[in-house]
Every structure is written in structure tokens, then in C-alpha cells.
1. What spacing in nm lies between the two simple spin-label points modelled at residue 89 and residue 260, each 7 Å away from Cα in the Cβ direction?
2. So, by mean Cβ neighbours within 10 angstrom, what's the order for 277-284, 85-92 with the highest one leading?
3. If you take the beta carbon distance between residue 163 and residue 251 as r and set R0 to 30 Å, what does 1/(1 + (r/R0)^6) give as a FRET efficiency, to the nearest 0.05?
4. Quick one: Cα centre-to-centre distance for region 329-344 and region 203-278, in angstrom?
5. Binned at 5 Å from 0, what are the whole-percent values of the Cα-Cα distance distribution for region 74-189, short to long?
6. What share of Cα pairs, in percent, lie more than 40 angstrom apart in the chain?
7. Rounded to two decimals, what ratio of Rg to Rh does region 260-302 give with C-alpha atoms and a Kirkwood Rh?
8. Between residue 187 and residue 109, with labels modelled 7 Å along Cα→Cβ, what's the label distance in nm to one decimal, could you check?
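None of the figures in this text is laboratory data; all of them are computed from the coordinates on show. Note that the coordinates shown come from a computational prediction; the quantities given were computed from them, not determined experimentally. Ideal geometry is used to build each Cβ from the backbone, glycine not excepted, and the neighbour counts take in all protein chains shown.
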């Protein structure tokens, strides 16, 4: 295939694809985004500029061309999405001194990061994905960053299990159906206090949640929520609160704007409100990485079609691939290590492609029987797009 060689330094990565841009009138989107990319912000200046697209100071997307065929995404190309500017880098000067208030337990107290490190340790590999990943495919053109597939990665977090902290503090107070995390960003002068980054999730998520201080085996950088981040496996990225300074078990959802009127599955033409479903668990999803159709025509003959698939709350059971836009399907096989139900799996299908034009796509099924749908769920802000039709790629083979 006429595709630029991919550097394999450090760890390999799975993800990204030049998805069905032509199908939704966005055929030049990736080129336009590349041309308009901005300089890296200071807090993320260590990232590899050749592997990311800087949409704004708070939104950085992984380039499709940066993705390879491994499982773990290198941190220097992992996407960034911040709802507020990050705190001053001085909070990393003494990481172990960072404090978090634990509330809604029988013996509430404030713990330092050093104390958390002495309480327990677990590691989890999981997909971290912005809930707006795939927004660029919505014909309604929702407001917000026009991500395609680059606002996702598969990474490894290490920290203390939340359940261990609860147990150490005497157990949870009765009647608390939510776990609420509050971020440590400093609100700009004059900003409404309700603009704080504070998210609530069902308390069942506490069973596998972490208070994490390492990302891919290194201290979490400021850009990704260091020194301490709440990790909620299987949930969309916004629920994994950065710079977490408060973890509370609460009787009601947070009243912060980011909970009440943001990240809700609001209908087109409507307004978001607390009665609508919140963006919580990730749905089953997959996409093809290669061939992508980005680098001109592919060479006719035997082609290795590969990509990634994940199930959100469940492991992926199988992936099917279609080269005719979903008319017929063939089962792909998984390759590479299985890092657990929250991580993504790499899949491949070997296909003989004579000269012609192809619409290549993938469809994943998880162990609970959920099948990746053909169509997106239309909504006001372009959340939770897992449509296999949207994520198809159009490829010319010559």
C-alpha cells in the first residue's frame, strides 16, 4: 500500500483511521485540520508535534498517521481534552503532598498522595476516550471540537483502588448512590463557581475505580491530570476527573454545570437538562486503521485490513469487516495481547482486493451481545458516536 512508513520507536500504538470523511462531506477535514494546527501549549510542549493536531490550548488530537499496530498508546501522542485550563505546574513539585478529601464514608478524612500509595496498588489497561470522539461525522455539525477518531487511546493506569480507600475509612455511608469527583483546577477570576469540573457516576463504578498516580508506568503529567486522577474504567473520559482533590459518595448528582447541562444526550434542537441521559458508559465501538485511503491509492493484491475494537464495560467478543460498505461481512481475528476487558483489541483481516473502489468498515460485538450499530444516535452535542457507517473508510485500489 502506498502509505508513509510508521515509526516504531518506543511503544507501538493502536487506533486512528481516516474514517468515512467523504461520506459525510468532510473529505478534506483531516488535511484542513493538519494545515491549521496550532503550536503546542506550554503544559503539553513535550508532546511530539508530528503526531498530534492542536485544535486549541485545551484540545489536542492524535494524528491518524501516528497510530501503529500495538496496544498501549504512548503518552507523547495521547489526546488531551481539558474543560478548564490546567493548574499551575507547581502542583507537581511535591507530588506526594497532594491532598484529597474523602467524603461520604464513615470516617471521612483528607489523605495525601503519599498516604494513598501506602494503602494499596493495582494497574488497569483501558480505553480513554473523549465522549465527543466521532463528532466530526455528524451532519448536524454540533458545536465543539470536530474530533474524528483521534480523541482516544489505550493506556495503563496505576494507583490505589477506590474500594480499598473506602474500606480503610470504615466503609461507605448508607444511601449514597453516586460517586462524585471534583477537579483541582483554579477557576479564573469572576467565573461562576458552578463551572468547576465535578462529575458524578453511579456508585457501582467505585468497585473498579482507581485513584491513579501513574500513566504508562510514569508519574502522570500535568496534561493528563497529575499528580492524581480519578480513573473510572469503561466510562467516557470526562468522568475520569483530573487533579482530583475531592472524592465524595453522595445522595445526589453534582449540581455543577458540567454535570447538569453538559455531557447530556440532548435531542437535536433542544436544550440539555438533568432529565436526559448523562454521558457515562462507553458503547461498543471499532474502526479500521489501515488501509485508510489517506495516502493515495493502495496497491491491488493481498491487503491486511486492521484496526481497533473495544466494548466499554465489556470485553470485545468478535469483529467483522466489510469491504463493500456493510453489504457483506467477514470475521476478523484478534492479534496481539489481551490486556483485559477495558482495553482495546487489535483485529486484522487478510483480503484480496483487485483494482477498484472500496468502502471498508468494521463492526464489533461485545461479550454481552451488544453489536456496534450502523447509525449514530443523533444528539445536540455529537456524543457517543459508535456508528460503523460513519467510521468507514473509502479506499481506491489500483
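1. Result for the modelled spin labels: 3.7 nm.
2. Details: 277-284: 20.8, 85-92: 15.5.
Packing proxy ranking, top to bottom: 277-284, 85-92.
3. Values: r = 20 Å, r/R0 = 0.66.
Calculated transfer efficiency: 0.95.
4. Distance between centres, Cα-based: 26 Å.
5. Percent of pairs per bin, in order: 2, 9, 13, 16, 18, 18, 12, 8, 4, 1, 0.
6. Values: 11031 of 79003 pairs.
Distances greater than 40 Å cover 14 percent of the Cα pairs.
7. Ratio value, two decimals: 1.34.
8. About 3.0 nm separates the two model spin labels.
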